[in-house]
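The values are calculated or read from the model by the stated rules, or taken from the named source; none is laboratory data. Since the model is a prediction, treat every value here as computed from it, not as a measurement. Cβ coordinates were reconstructed from backbone atoms using ideal geometry, including for glycine residues, and neighbour counts include every protein chain displayed. Keep in mind that these areas ignore ligands, DNA and RNA; they rest on the heavy atoms of the full protein, side chains included. Shrake-Rupley method; radii C 1.70, N 1.55, O 1.52, S 1.80 Å.
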Amino acid sequence: MEPRERTNGRAMASTHSVGLTEFLRKTSMSNVTYNNPILEIEGIDVPHLFIYPVFVLVLVIYLIILTTNIGVMLLIMMNRSLHQPMYLLFFSLSFNDVLGNTVLLPRLMLDVVSTDRSISYASCVSQAFFSHTYGTSCHTVMMIMAFDRYVAICHPLRYTSIMSPAMVATLTVSAWSISITLVSVLLGLTIRLTRCRSVILNAYCDNASLFKLSCQDVSINNIYGLTFTVVLLGSSMGSVAFTYFRILVSCVSRKNKELNRKALQTCATHLVLYMIMLCSGFLVIILHRFQIDSKYRKMASILFHILPANMNPIIYAMQTKELKTKIVQILHSKVTQLQKFEN
């Protein structure tokens, strides 16, 4: 074969190779499904032997959350003596606990026993919205509860005028409005993205898992998410620390030991609830940021929902005299009715 013919042959082979590569690339790109309306939740890995025990465990936890929190809410609603700012704020906290776990635990139970973990994109976004609203409202409601304790202890004579029903309503609406607005912007930035993946790498839908489905630049999502977290935690911890510092100064300057004991007992209840919520939230953030094993990250995310929701009504009811008295009265009346029925 002449040199010129060999050169032409190599050129044709090279052109054919480039054309084949381009064809395969286009074929591969065409196989990518953009904005798939159906997503798949990775969920938690449960050994086959423990599927039903885990299902029963989650069901029992969910029923306890519903029973205790709804019970406290009904108790506050039905007793006019409990229509005070502190209990109305606790009503809001219990409502938030019920909401946050209702959007998570029923779906989690379904995923434990089912092999089909598909979920529509709209349902996934809704779950993420209510989950993040729950987490944000935990902080905003706790901030108002700290302010309520500050006014009650440091300005007792002006408490009823400052924490009037109108003020409590305004603060509560503001707490929820701020949470909903911040979370709406958070998820709005995610919804605008084009998705090229369809697997949620978590036990449930959240914003981070959703924007990771995109192949676009998500820098703005990361910046807003980080700013959102820093501002929320900073304002939450700062306001709680400031109010408790003022309360401590007021107690030290006051010589009435009995009043100080009651004040610190009430504050201790709120502080314990706040620390449980804060520590479980920090655990989720740390495991997300440092890329720890996904199973620990998933468990921490679930604990952030169920741990505060289980502890809030128990600690608050046991440490608050009025609630404890009402619960004892109700239980005593029920026992009396049963005894009369048996006789």
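Any chance you could run the full-extension gain for residue 162 through residue 38? It's 0.36 nm times the residue separation minus the Cα-Cα distance, nm to one decimal.
39.6 nm
Considering only the other residues whose Cβ falls under 14 Å of the Cβ of residue 246, what net charge follows from Lys and Arg at +1 and Asp and Glu at -1?
Local charge sum for residue 246: +1.
Compute the signed sum of charges (Lys and Arg +1, Asp and Glu -1) over the other residues within less than 11 Å, Cβ to Cβ, of residue 201.
Within the 11 Å Cβ shell, the charges total +1.
Kindly rank 71-77, 56-62 from highest to lowest mean number of other beta carbons found within 10 Å of each residue.
Packing order, densest peptide first, comes out as 71-77, 56-62.
Go ahead and run the numbers for FRET between residue 275 and residue 51, Cβ-Cβ distance against an R0 of 35 Å, rounding to 0.05.
0.55
For the pair residue 257 and residue 237, how long in nm is the line joining their label points, each one 7 Å along Cα→Cβ?
Spacing of the two 7 Å Cα→Cβ label points: 3.6 nm.
How far, in nm, would the chain grow between residue 285 and residue 155 when pulled straight, counting 0.36 nm per residue and subtracting the alpha carbon separation?
Additional length available on full extension: 43.1 nm.
Order of 93-102, 162-171 by packing, highest average Cβ count within 10 Å first?
93-102, 162-171
Which percent of Cα-Cα pairs in segment 250-294 sits in each 5 Å bin, short to long?
All Cα pairs considered, the percentages come to 5, 18, 16, 12, 12, 9, 9, 8, 6, 4, 1.
Cα centroid distance between segment 100-172 and segment 181-252, in Å?
14
Compute the projected area of the convex hull of the Cα atoms of segment 66-140, averaged over all viewing directions, and report it in nm² to one decimal place.
Mean orientational projected area (segment 66-140, Cα hull): 6.0 nm².
Run the numbers on segment 148-225 and let me know its relative contact order in percent, using alpha-carbon pairs under 8 Å that are six or more apart.
23
Amide H neighbours of residue 214 under 5 Å, counting only residues 5+ apart in sequence or on other chains, H built in-plane at 1.01 Å?
Amide H to amide H, under 5 Å and 5 or more residues apart or across chains, residue 214 pairs with 196.
Once you list every other residue whose beta carbon is under 10 Å from the beta carbon of residue 213, what net charge do they have if Lys and Arg are +1 and Asp and Glu are -1?
Counting the neighbours of residue 213, the net charge comes to +3.
Note down the relative contact order for segment 53-187 as a percent, whole number, built from C-alpha pairs under 8 angstrom at least six residues apart.
With pairs under 8 Å counted, the relative contact order is 28 percent.
Give the span of segment 140-204's Cα atoms along each principal axis, as three whole-Å numbers ordered largest to smallest.
Result, largest extent first: 61, 22, 14 Å.
Find the accessible area per residue for segment 81-133; the probe is 1.4 Å, ligands and nucleic acids are left out, and the unit is Å².
Computed with neighbouring chains in place, this is 34 Å² per residue.
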